[in-house]
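The values are calculated or read from the model by the stated rules, or taken from the named source; none is laboratory data. Note that the structure is a prediction, hence the values are computed from the model and not measured. Here Cβ is always computed from backbone atoms with ideal geometry, including for glycine, and neighbour counts include all displayed protein chains.
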Amino acid sequence: MLGKYIGQMVELVYMDRAGHITQRQIRINSVHGGRIRASAGADGSPRTFLEQGVLAWRPVLHKDGEAGIC
């Protein structure tokens, strides 16, 4: 699902186990076994997301229309 976006910035709508829905921009580091490992926030702190909690996603585009790549 999100494996083709490894190394790119993605805007993600996510529902956690408690049912809270958040929208955030993350940089995907790896996708394996239903888990998405990513860097999130201004400090790039590591996060793990479950694929089953992803409600929507899209690549973050720069002003020139290109996807954000590392």
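So the values come out like this:
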| read-out | value |
| --- | --- |
| Condition check for residue 42: modelled with pLDDT under 95, part of a loop (DSSP other than H, G, I, E, B) and among the aliphatic types (A, V, I, L, M) | yes |
| Scan of segment 46-63 for residues that are assigned to a loop (DSSP other than H, G, I, E, B) and either surrounded by 14 or more Cβ atoms within 10 Å (Cβ to Cβ) or under 9 Å from the mean Cα position of the chain (by Cα) (or both), ordered by number | 60 |
| Whichever residue in segment 1-22 is assigned to a strand (DSSP E or B) and of a type in the set (A, V, I, L, M) and, among such residues, is surrounded by the fewest Cβ atoms within 10 Å (Cβ to Cβ) | 21 |
| Qualifying residues in segment 23-45 (those that are exposed (fewer than 11 other Cβ atoms within 10 Å of the Cβ) and not small (Gly, Ala, Ser)) - the one nearest to residue 3 (Cα to Cα) | 32 |
